[in-house]
Amino acid sequence: NDVLVFVKGSGWERRKKLKATGIPKLSKDYKEIMEFSTSFQYPDDCKSFDEVMERLEEFKLQNANVDLYIDKMTGVYSRNRYEIDIQSFLQERKELHYYVADLNNLKITNDKFGHLAGDGLIRDMAYILQDAFSEDGYVYRIGGDEFAVIYMGSETQATMLNAVEQVCKKVNRNRSIPVRYAIGYAKYDKDQNTWKEVLEQADASMYKDKLSNPERIKYEE
């Protein structure tokens, strides 16, 4: 039998922080997201059962695509959510701080240790970015091993890059296969550049970082 349960105080909220793990437990976090997003707050202003059912139907329609907005492997936002958010942010804000990062040596890890090991690197990279950028950053997995961050905070580029590096060092203490990454940055200013230019600048910055930081590229047995 189907049972309809109303949960007071629910709705769409930003998810909890991920946890870095060798074999990540992000499926639990993802389950919590889905349980939370599919709960429904009983409308106090509804006067009849029919009104409640109408509100519930609206809620179901609004949350029908929630599975498209979360990357299942990592628990961070998906490419679909990235595309939607970018359009909204560009309309609403004059400035944006954009970071793009990808993993180094993922193919080597997959070939040598298997895809489960590679998936672990991807998940921990998601954690590193989310932890470093905290509540002021929106983290997206936009490709197999590529991530993007829209940062709304006031800290400088140098401060945020250092934060990423420090979290990565902390994570790698408990890893036999270290997380190695390259990261780039570009600032969007509505009066000075286009979003296309920001993407090109961030990619160029990331590849420059990949070449200028061999200690983050070197593969360790």
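The values are calculated or read from the model by the stated rules, or taken from the named source; none is laboratory data. As the structure is a prediction and not an experimental result, all values here were calculated from the model. Virtual Cβ from ideal backbone geometry, glycine too; neighbours counted across all protein chains shown. Accessible surface is based on the protein model in full, side chains and every heavy atom, while ligands, DNA and RNA are left aside. Shrake-Rupley method; radii C 1.70, N 1.55, O 1.52, S 1.80 Å.
Can you work out which of the residues in region 95-111 that are touching a Phe, Trp or Tyr at 6+ places or on another chain (Cβ under 9 Å) and over 22 Å from residue 211 (Cα atoms) is least open to solvent (accessible area, probe 1.4 Å)?
Start the filter on region 95-111 by keeping residues that are touching a Phe, Trp or Tyr at 6+ places or on another chain (Cβ under 9 Å), which leaves 95-105, 108-109.
Those still in the list that are over 22 Å from residue 211 (Cα atoms) too: 95-97.
Working: 95: 73, 96: 1, 97: 38 Å².
Checking each candidate, the answer is 96.
How about region 117-127: which of its residues are touching a residue at least 40 places away in the same chain (Cβ under 8 Å) and either of a type in the set (Gly, Ala, Ser) or open to solvent by 20 Å² or more (accessible area, probe 1.4 Å) (or both)?
117, 119, 120, 123, 126, 127
Identify, by number, the condition in (1) at pLDDT below 95; (2) open to solvent by 10 Å² or more (accessible area, probe 1.4 Å) that residue 200 doesn't meet.
(1)
Any idea which of 125, 152, 206 is at pLDDT 90 or above and touching a His at 6+ places or on another chain (Cβ under 8 Å)? Walk me through it before giving the result.
Working: 125 fails: touching a His at 6+ places or on another chain (Cβ under 8 Å); 206 fails: touching a His at 6+ places or on another chain (Cβ under 8 Å).
Result of the check over 125, 152, 206: 152.
Assuming residue 192 fulfils every condition listed in (1) closer than 24 Å to residue 131 by Cβ; (2) part of a loop (DSSP other than H, G, I, E, B) apart from one, which condition is it?
So residue 192 meets the others, but not (1).
Looking at region 94-113 only, could you name the residues that are without any contact (Cβ under 8 Å) to a residue 40 or more places away in the chain and either under 20 Å from residue 129 (Cα atoms) or not acidic (Asp, Glu) (or both)?
Residues of region 94-113 without any contact (Cβ under 8 Å) to a residue 40 or more places away in the chain: 106-107, 110-112.
The answer is 106, 107, 110, 112.
Here's the yes/no breakdown for (1) among the basic types (Lys, Arg); (2) open to solvent by 30 Å² or more (accessible area, probe 1.4 Å); (3) closer than 25 Å to residue 89 by Cα:
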| position | (1), (2), (3) |
| --- | --- |
| 142 | no, no, yes |
| 152 | no, yes, yes |
| 173 | yes, yes, no |
| 188 | no, no, yes |
| 196 | yes, yes, yes |
| 204 | no, yes, yes |
| 211 | no, yes, no |
